[in-house]
Amino acid sequence: METFLIRALQLILSLSLLVIVHEGGHFFFARLFKIKVEKFYIFFDPWFSLFKYKPKNSDTEYGVGWLPLGGYCKIAGMIDESMDTEQMKQPAQSWEFRSKPAWQRLFVMIGGVMMNFILALFIYSMILFTWGDNYIALKDMSYGLKFNETAQNIGFRDGDILLSADGVELERFGMDMIRSVVEADSVKVLRKGKEVSILMPELSLIEVAKEDPMFMDLFYPNVVDSVFPGGSFDKAGIKKGDKLVGFNGKPIDSWNVFVEYLSDLKLRAEVEEKSSFEFSLAYSRAGVMDTVMVHTGEKFTIAALCSLSDYKYTTKTYGLMESFPAGAALGINTMKGYVNDLKYVFTKEGASSVGGFATIGSIFPSTWDWHRFWSMTAFLSIILAVMNILPIPALDGGHVLFLIYEIVARRKPSERFLEYAQIVGMFLLFGLLIWANFNDMLKYLF
């Protein structure tokens with residue numbers, strides 16, 4: 001329950017910030033061009049709101065709705081999600097959206113996307129300024145990587161050190177690296193001191209991302225780095241420096257394999273509705289082999305950590321001014337990767353993988369971590385910017401599309417057409433929202 005609340009709080013805080021910034025972009029340009037803004041709301045408020053306030057001598061009502069599906073900025077004289085068609089039947093006023101030149105209306109519509117993208121770049125910059133960039137370069141991973149059965153069938157072997165994909169050097173482990181490998185024609189690795197080229201078949205990034213164990217992962221040495229006092233390992237006598245070599249009679253060559261065996265055993269215990277379970281663990285200490293029984297309790301966690309002390313870390317620090325170009329580069333690269341991955345959404349695998357609020361919430365850590373929180377918020381800000389600029393009616397991109405048509409054709413689409421387009425777009429968006437959260441429910445139940 002505590003984990004759920006921490007993740008839920010992070011999700012609400014992150015989405016609230018993103019909604020304020022996005023709608024603030026629309027608000028800024030609307031007021032810049034002297035367009036009246038009637039409402040500025042975080043979350044939607046059908047029938048009632050949790051809070052509302054209208055300052056004296058202001059045209060704008062500010063509030064918080066009860067339906068946490070986004071937010072809105074109601075701009076006078078515009079066909080939007082409020083579907084205020086009565087206002088559109090009245091004569092156009094000078095302070096309305098529809099009375100302004102097309103270029104001004106275009107800036108109002110892209111203002112939200114612009115602010116989300118700028119926010120993401122700023123957050124990435126501040127992350128680099130505050131925490132720097134700390135990672136293990138692929139070339140310094142002396143143990144190489146661990147590959148699952150799919151990768152092994154392609155030609156990878158445990159311990160391979162990735163060098164390049166289609167001739168482009170691979171620097172660090174992460175989603176960008178996996179994407180480069182999956183979409184490459186050939187990958188070069190270092191295997192036992194020799195360079196080996198591996199021809200890649202056609203793969204789906206979505207299918208690869210869903211595999212368990214992972215297509216490729218860091219090779220974690222099977223050496224204990226620390227033991228939690230009072231935990232199951234501590235009670236069994238496992239100490240720092242012990243090398244784990246066997247699990248219930250099966251050999252272990254890495255921490256990855258140990259975690260895989262342990263997860264399978266824990267899953268079987270849950271299916272059989274057992275509150276605890278035990279397993280035999282063989283280990284080597286100073287060259288001497290021994291085997292102990294490890295007993296778990298109801299709240300079992302892996303009560304030890306492996307050692308990465310043999311890996312060389314690369315650390316980059318950034319001054320305030322240095323952090324901005326570095327943060328911009330990181331944000332642009334993240335956006336390129338996300339845009340590239342959008343093509344998978346329109347596949348059968350992609351449609352079944354679309355997730356709702358539970359999926360979004362799960363990307364936040366189970367304990368409060370400001371570094372991870374801001375990283376996820378920056379990523380969500382990029383997602384919000386990209387999704388909103390798609391040329392779909394009811395989204396900012398739909399309005400932009402019609403404005404571009406108006407500029408090129410030198411005539412506006414009819415208000416009746418815009419109303420119908422808004423309705424169709426809203427049905428599409430609500431359908432997608434229902435489908436995404438239905439997928440979450442299926443994942444939870446099955």
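The values are calculated or read from the model by the stated rules, or taken from the named source; none is laboratory data. The shown structure was predicted, so the numbers you read here are calculated from the model rather than taken from an experiment. For neighbour counting, all protein chains shown are included, and Cβ atoms are generated from backbone atoms with ideal geometry for every residue, glycine included. For the accessible areas, the whole protein counts, side chains as well, though only heavy atoms, and no ligand, DNA or RNA atoms are used. Shrake-Rupley method; radii C 1.70, N 1.55, O 1.52, S 1.80 Å.
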Q | Residues whose placed amide H lies under 5 Å from that of Ala137, excluding near-sequence neighbours | A | Thr314
Q. Of the accessible area of the chain, with the probe set at 1.4 angstrom, what percent is carbon plus sulfur?
A. 62
Q: Just subtract the alpha-carbon distance of Ile136 and Gln93 from 0.36 nm times their residue separation and send over the number in nm, one decimal.
A: 9.4 nm
Q: Report the equivalent ellipsoid semi-axes for segment 177-228 in whole Å, largest first, defined as the square roots of five times the eigenvalues of the gyration tensor built from alpha carbon atoms.
A: 26, 19, 7
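How would you order 223-231, 152-160 from highest to lowest mean count of nearby Cβ atoms within 10 Å?
152-160, 223-231
Take each of the peptides 289-295, 241-247, average the number of other beta-carbon atoms within 10 Å over its residues, and list them starting from the highest.
Ranking, from highest mean packing down: 241-247, 289-295.
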(Q) At 7 Å along Cα-to-Cβ for each site, give me the label-to-label distance between Ile20 and Asp264 in nm. (A) 4.9
(Q) Counting only helical runs of four or more DSSP H residues, what would the 222 nm mean residue ellipticity of the chain come to if each run contributes -39,500 (n - 2.57) and the total is spread over all its residues? (A) -15000 deg cm²/dmol
Q: Give me the angle, in degrees from 0 to 90, between the Cα long axis of helix 320-341 and the longest principal axis of the Cα atoms of the chain, rounded to the nearest 10.
A: 90
Q: May I ask for the angle, rounded to the nearest 10°, between helix 102-131 and the longest principal axis of the chain, with both axes built from Cα atoms and the value confined to 0 to 90°?
A: 30
Q: Please pull out the direction-averaged projected area of the chain, using the convex hull of its alpha-carbon atoms, in nm² to one decimal place.
A: 27.1
Q: Let me know the Kirkwood hydrodynamic radius for segment 61-175, please, with Cα pairs as the basis and the value in Å to one decimal.
A: 20.2
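Ranked highest first by the average count of other Cβ atoms within 10 Å around their residues, in what order do 391-400, 211-220 fall?
Ranking the peptides 391-400, 211-220 by packing returns 391-400, 211-220.
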Q: Using 0.36 nm per residue of separation minus the Cα-Cα distance, give me the extension gain between Glu169 and Glu61 in nm, one decimal.
A: 33.5 nm
**Q.** Mean accessible surface per residue for segment 23-75, computed with a 1.4 Å probe while every protein chain stays in place, in Å²
**A.** 56
**Q.** Alpha-carbon centroids, segment 233-259 and segment 6-55: separation in whole Å
**A.** 52
Q: Using only Cα atoms, find the angle between the long axis of helix 415-445 and the longest principal axis of the chain, and express it within 0 to 90 degrees, rounded to the nearest 10.
A: 20
Q) How would Ile206, Ile118 rank on accessible area, largest to smallest, probe 1.4 Å? A) Ile118, Ile206
**Q.** Neighbourhood charge, 11 Å Cβ-Cβ cut-off, centred on Leu418 and excluding it, Lys, Arg +1 and Asp, Glu -1
**A.** -1
Q | Most to least accessible of Lys39, Lys312 (protein chains only, probe 1.4 Å) | A | Lys312, Lys39
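Pairs Lys188/Lys312; Lys146/Lys239; Lys39/Lys336; Lys34/Lys89; Lys146/Lys240; Lys192/Lys243: which are spaced more than 28 Å apart, C-alpha to C-alpha?
Lys39/Lys336
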Q.
So if the hydrodynamic radius of segment 126-243 is defined as the Kirkwood radius over C-alpha pairs, what does Stokes-Einstein give as its diffusion coefficient at 37 °C and 0.692 mPa s, in µm² per second?
A. 203
Q: Pull up the cross-link candidates among the lysines for Lys266, meaning alpha carbon to alpha carbon under 18 Å and not fewer than 8 places away within one chain.
A: Lys250, Lys274, Lys299
Q) What residue among Ile12, Ile79, Ile20 has the largest mean-square fluctuation in a Gaussian network model of the chain, using Cα springs under 10 Å? A) Ile12
